[in-house]
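Derivation of every value follows stated rules applied to the coordinates shown; laboratory data play no part. Note that the coordinates shown come from a computational prediction; the quantities given were computed from them, not determined experimentally. Positions of Cβ are generated from backbone atoms using ideal geometry, with glycine treated the same way; all protein chains shown enter the neighbour counts.
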Amino acid sequence: MSRLFNARKGWLQGILMAACLFPLSVTADSARPSHFQPPVVTSLSQAVTLFSTHNKALAELMAKQKLTPAELSQVHQLTYTLETALERINKDMAALTDALEAVHVASEKLDEQKVRTEGRRYLKVAQTVVR
């Protein structure tokens, strides 16, 4: 009987400890900043612009010796936008790789028309990234 009582006592202590800690975990989570809604990136050009401007802003913040809570919040917002811009850039870079390969293969086959068509498609994307 004593063993049963000790087992129940241990189980009850675990439940009570979890119940006591639950409000602390809720409080810790509620201290996190609300999630920032980054802009919708609709083009590669927009993504490159956001990537450039937001990396510059992030570099300026990183150059500081100490960051204030407001500046840490800025970093948080910058990273959301940078992630969104990078997603679009990566998507378009995959298409750029395909276009370049098409130019390469067409040039091997001496297919001038395809070289011109695929070359234009490649350059349109490439020149958006390299300004």
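Relative to the Cα centre, the charge distribution of the range 41-131, modelled as +1 at Lys and Arg Cβ and -1 at Asp and Glu Cβ, gives a dipole magnitude of about 260 debye.
For E71 and T42, what does the FRET efficiency come to when R0 = 22 Å and r is the distance between their Cβ atoms, rounded to the nearest 0.05? E(calc), rounded to 0.05, equals 0.15. Could you list log10 I(q)/I(0) for the range 87-131 at q = 0.16 Å⁻¹, which the Debye formula gives when each Cα is one point scatterer? Ignoring solvent entirely, the Cα scatterers give -0.40. Cross-link partners of K56 among lysines, defined as those whose alpha carbon lies under 29 angstrom from its own and excluding same-chain residues fewer than eight positions apart: K64, K66, K91, K124. Report note on the peptides 99-105, 53-59: ranked by the mean count of other C-beta atoms within 10 Å, highest first, their order is 99-105, 53-59.
When only alpha carbons are used to place a centre, the range 60-131 and the range 38-53 end up 10 Å from one another.
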